[in-house]
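The values are calculated or read from the model by the stated rules, or taken from the named source; none is laboratory data. This structure is a prediction, so every number in the text was calculated from the model and none was measured. Here the Cβ is made from the backbone with ideal geometry for all residues, glycine too, and neighbour counts use every protein chain on show. Keep in mind that these areas ignore ligands, DNA and RNA; they rest on the heavy atoms of the full protein, side chains included. Shrake-Rupley method; radii C 1.70, N 1.55, O 1.52, S 1.80 Å.
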Amino acid sequence: MLLEDFPSDIRDYLEPKPQGHPVYECLSCSKQFPTDRLFYTCPSCGGLMMIEDPDFQRLRAKPGSFWRRLFDYRLLYNRQATRGVFTFHEFIAPSLPLEDLVYLGEAHSPVVAAPAELAKEVGASFYFKMDGQNPSASFKDRGMAAALSFLKHLVRIKNLDTVIAVCASTGDTSAAAALYAASLGGSVKSAVLLPKGRVTPQQLSQPLGAGAAVFELPGVFDDCMRVVERLSDKYPVALLNSKNPWRVLGQESYAYEIAQQFDYRLGDIVLVIPVGNAGNITAILSGLLKFHRAGLVERLPRILAVQSERANPVFLYYNTPINRRTYAPVNVKPSVAQAAMIGDPVSFPRLSKLAADYEKAAGEYSFGVVEVNEQAIMESMLLANRRGLTVCTQGGECLAGLRAGLIKGLVSPLETAVLDSTAHALKFVDFQTAYFEGRLSQEYGIVTNPKLANRPRELSFGNLKVPAVNQPLRPDDEDTFVTAAVGKIAESLGLSS
Ligand code: F0G
């Protein structure tokens with residue numbers, strides 16, 4: 001839409017002007033530091049940081065209805081810098097100038113309703129938000145858009161020569177980090193640390209394709225995380241794990257989009273979120289609280305976090321009575337929700353603070369956690385894919401979580417659930433193949449249900465001449481072959497003429 005065609009009260013605000021002075025705030029000692037450099041942990045006590053906007057009041061000076069209108073109109077404003085997560089610039093990174101904002105086509109993923117037949121089978125109506133439809137095929141691109149915009153800003157204002165951006169990953173953070181770092185080019189290079197054999201071949205191909213230095217380490221994600229933490233303590237690198245609080249800001253956009261996609265009416269909605277390192281759920285809670293505080297949404301949705309019983313520290317914590325809760329990491333076992341296979345979530349301190357704040361704002365029971373087993377995760381993913389919803393194993397985990405929540409009475413059949421398919425199904429397709437071939441039982445304890453298994457159907461042609469590449473058949477042989485193939489396919493499909 002042309003600028004002159006927007007309503008006059010909106011026109012001046014379409015292009016955000018850098019404003020405010022966000023600060024790093026330590027979750028442990030509450031000390032604040034200016035955001036003129038990159039911090040991951042508090043220089044004073046080593047605690048985890050969040051970015052706070054001390055002048056959040058200025059956003060409240062406008063009514064919620066103004067922000068709703070502005071963000072809805074901004075979707076029609078054709079300017080690269082205000083696309084993606086920066087549609088919500090004022091709530092995400094208001095101090096960053098437009099020239100530094102990175103956009104690779106991320107965010108604004110669709111919410112897709114489950115077909116009625118599937119909703120009936122599950123026992124509640126639900127949607128999937130398809131975050132696999134991001135440039136690197138996972139939600140991580142949201143956080144990277146913000147983190148790399150800040151890095152670009154730092155490189156520009158500080159005239160930095162070379163920056164090495166590093167992360168540990170279960171596969172998706174590394175794909176996104178490498179992609180966004182590559183888009184900056186020049187002085188920004190990336191290096192990623194992956195647990196060998198615990199990322200899918202598709203995920204491994206992504207940082208390799210983006211030109212990152214890829215290190216495969218023994219152990220699991222938690223081991224890689226310890227290495228990258230030590231590396232970033234010792235050397236001047238830019239850490240891109242969600243310890244980096246700029247990532248959290250970008251990922252808040254998931255919550256803002258859901259508000260927008262449901263016309264800012266979230267009262268009867270429950271968001272179902274898979275939890276690994278707890279960065280995503282942290283960002284979603286933080287984003288919802290901000291929209292609530294600024295009056296964009298009146299009622300907050302309920303949140304149902306989901307973990308596999310093979311990587312469940314958050315579930316174990318919240319399923320202990322409140323006065324006896326102590327956080328303890330767990331040793332993970334192989335899970336098909338492999339991207340969330342994390343025993344010691346780095347963002348746990350953020351999550352526990354925000355979940356408490358959330359319950360204060362949204363009421364008792366507004367935050368819950370369920371655990372699900374591997375069989376349910378796998379079959380829920382296959383079920384969704386069989387109904388036109390291309391979701392990843394973590395999306396399957398959400399559907400399994402919704403079912404568990406309904407059984408336990410944590411979700412009412414009258415609520416509408418919005419499930420997070422955090423990545424694209426194709427990243428995890430090898431689990432599907434292994435399930436179909438009955439190869440998941442030993443390591444994952446998953447038994448193949450023959451009704452869900454699907455394999456290519458081989459047709460046998462005996463001694464008949466068959467075509468091959470660069471060896472076409474003579475016309476009469478081709479005709480015999482086609483007739484035979486049609487007969488066999490019709491028989492296999494049970495067709496009768
Ligand atoms: N789903 C996918 C597809 C993920 O890649 C991850 C995390 C999660 C869910 C869990 O989200 O960590 O924010 O609680 N993947 C990280 C990685 C850890 O390295 O790619 P979380």
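Enter the mean projected area of the convex hull around the alpha-carbon atoms of the range 174-296, in nm², rounded to one decimal.
Values: hull surface 37.4 nm².
Orientation-averaged projected area of the Cα hull: 9.3 nm².
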- Message: I'd like the accessible area for residue 379, computed on protein heavy atoms only with a 1.4 Å probe and all protein chains in place. Round to 10 Å², please.
- Response: 50
- Item | Whole-angstrom gap from the range 31-78 to the range 377-399, using each part's C-alpha centre | 34
- How many percent of Cα pairs in the range 457-497 exceed 13 Å? 56
- Message: Past 23 Å, Cα to Cα: identify those pairs from 17/353; 31/62; 31/140; 31/243, in the order given.
- Response: 17/353; 31/62; 31/140
- Note on the structure: If one compares the long axis through the Cα atoms of helix 279-293 with the longest principal axis of the Cα atoms of the chain, the angle in degrees, nearest 10, works out at 50
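R0 = 35 Å: FRET efficiency of residue 468 with residue 217, Cβ-based, nearest 0.05? All intermediate terms of the calculation are to be shown ahead of the outcome.
Numbers: r = 44 Å, r/R0 = 1.27.
After rounding, the FRET efficiency stands at 0.20.
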- Cα-based Rg of the range 201-243 per 2.2 N^0.38 Å, rounded to two decimals? 1.26
- Task: Over all directions, average the projected area of the Cα convex hull of the range 328-367 and note it in nm².
- Result: 3.7
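Grab the eigenvalues of the alpha-carbon gyration tensor for the range 326-417, scale each by 5, take roots, and send me the semi-axes largest first in whole angstrom. Write out the running numbers ahead of the final one.
Details: eigenvalues 116, 80, 24 Å².
Output for the range 326-417: semi-axes of 24, 20, 11 Å.
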- Item | Pairwise centroid distance, computed over Cα atoms, of the range 151-183 with the range 296-326, Å | 31
- If you wrap a convex hull around the C-alpha atoms of the range 44-93 and split its volume per residue, what is the figure in Å³? 104
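Taking 0.36 nm per intervening residue step and subtracting the Cα-Cα distance, what contour gain separates residue 323 from residue 29 on full extension?
Working: separation 294, 0.36 × 294 = 105.84 nm, distance 2.27 nm.
Taking residue 323 through residue 29 to full extension adds about 103.6 nm, to one decimal.
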- Task: Could you list which residues have their amide H under 5 Å from that of residue 127, counting only those 5 or more apart in sequence or on another chain, with H placed in the peptide plane?
- Result: 114, 417, 418, 419
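Could you list the square roots of 5 times each eigenvalue of the Cα gyration tensor of the chain, that is, the equivalent ellipsoid semi-axes, sorted largest first and rounded to whole Å? Please list the in-between numbers first.
Values: eigenvalues 326, 139, 131 Å².
Output for the chain: semi-axes of 40, 26, 26 Å.
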- Between helix 140-158 and the chain: long-axis angle, C-alpha atoms, 0 to 90°, nearest 10: 40
- Computed for the chain: size of charge dipole around the Cα centre, +1 on C-beta of each Lys and Arg, -1 on C-beta of each Asp and Glu, debye to nearest 20, value 820
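Once you keep just the Cα pairs under 8 angstrom separated by 6 or more residues, what percentage relative contact order results for the range 139-243? Before the final figure, lay out each step's value.
On the way: 172 pairs, mean separation 31.8, N = 105.
Reported as a whole number, the value is 30 percent.
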- Cα pair distances in the range 105-188, grouped into 5 Å bins until the bin that holds the longest one, percent each: 3, 14, 19, 16, 13, 10, 8, 6, 5, 3, 2, 1
- Query: Rg/Rh for the range 1-131: what does it come to with C-alpha atoms and Rh from Kirkwood?
  - Reply: 1.08
- Query: Once amide H atoms are placed 1.01 Å from N in the peptide plane, what residues at a sequence separation of 5 or more from residue 166, or on another chain, have their amide H within under 5 Å of its amide H?
  - Reply: 191, 238, 239, 240
- Note on the structure: The helix 393-408 Cα axis meets the longest alpha-carbon principal axis of the chain at an angle in degrees, between 0 and 90 and rounded to 10, of 80
- Query: Based on the alpha-carbon gyration tensor of the range 385-441 and its eigenvalue square roots a ≥ b ≥ c, which shape applies: rounded if a/c is under 1.5, prolate if not and a/b is larger than b/c, or oblate?
  - Reply: prolate
- Binned Cα-Cα distance frequencies in the range 215-271 - 10 Å width, integer %: 18, 31, 22, 19, 9
- Counting only the heavy atoms of the protein chains, how much of residue 36 is accessible to a 1.4 Å probe, in Å² to the nearest 10? 80
- Task: Determine which aspartates and glutamates satisfy two conditions relative to residue 488: a Cα distance under 15 Å, and not lying fewer than 8 residues away in the same chain.
- Result: 458, 479
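Rounded to the nearest 500 deg cm²/dmol, what is the calculated helix-only ellipticity per residue at 222 nm for the chain, with -39500 (n - 2.57) per DSSP H run of length n ≥ 4? Before the final figure, lay out the partial values.
On the way: 19 runs with 196 residues, N = 497.
Calculated from helices alone, the mean residue ellipticity at 222 nm is -11500 deg cm²/dmol.
Write down, largest first, the equivalent ellipsoid semi-axes of the range 55-178 in whole Å, where each equals the square root of 5 times an eigenvalue of the alpha-carbon gyration tensor.
Numbers: eigenvalues 182, 107, 29 Å².
Sorted largest first and rounded, they come to 30, 23, 12 Å.
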- Item | Share antiparallel - DSSP beta bridges, the chain, percent rounded to 5 | 30
- Derived scalar couplings ³J(HN,Hα) [the range 467-476; Karplus, 6.51 cos²θ - 1.76 cosθ + 1.60; whole Hz; x for Gly, Pro]: x, 9, 4, 6, 10, x, 7, 5, x, 5
- Query: Which far-off residues, 5 or more places away or on another chain, put their amide H under 5 Å from the one on residue 369, with H placed in the peptide plane?
  - Reply: 305
- Query: When the Debye formula is applied to the Cα atoms of the range 116-258, each taken as the same point scatterer, what base-10 log of I(q)/I(0) results at q = 0.10, 0.14, 0.20, 0.22 Å⁻¹?
  - Reply: -0.37, -0.66, -1.18, -1.36
- Query: Which whole-Hz ³J(HN,Hα) couplings does the range 73-82 yield from phi under the Karplus relation 6.51 cos²θ - 1.76 cosθ + 1.60, θ = phi - 60°, glycine and proline marked x?
  - Reply: 5, 4, 5, 9, 8, 8, 9, 3, 5, 9
- For residue 92, what accessible area in Å² do you get when you roll a 1.4 Å probe over the heavy atoms of the protein chains, rounding to the nearest 10? 0
- Item | Per residue, in Å², the accessible surface of the chain once ligands and nucleic acids are set aside, probe 1.4 Å | 44
- Item | Fraction of alpha-carbon pairs over 14 Å apart in the range 1-47 - percent | 62
- Query: Karplus couplings for the range 415-432 from phi (6.51 cos²θ - 1.76 cosθ + 1.60, θ = phi - 60°), rounded to Hz, Gly and Pro as x?
  - Reply: 7, 9, 9, 10, 9, 9, 8, 6, 9, 7, 3, 5, 5, 10, 5, 5, 5, 5
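For 488, 234, 140, what's the largest-to-smallest order of accessible area, 1.4 Å probe? Each step should come with its number before you reach the end.
On the way: 488 70, 234 145, 140 40 Å².
Correct descending sequence by accessible area is 234, 488, 140.
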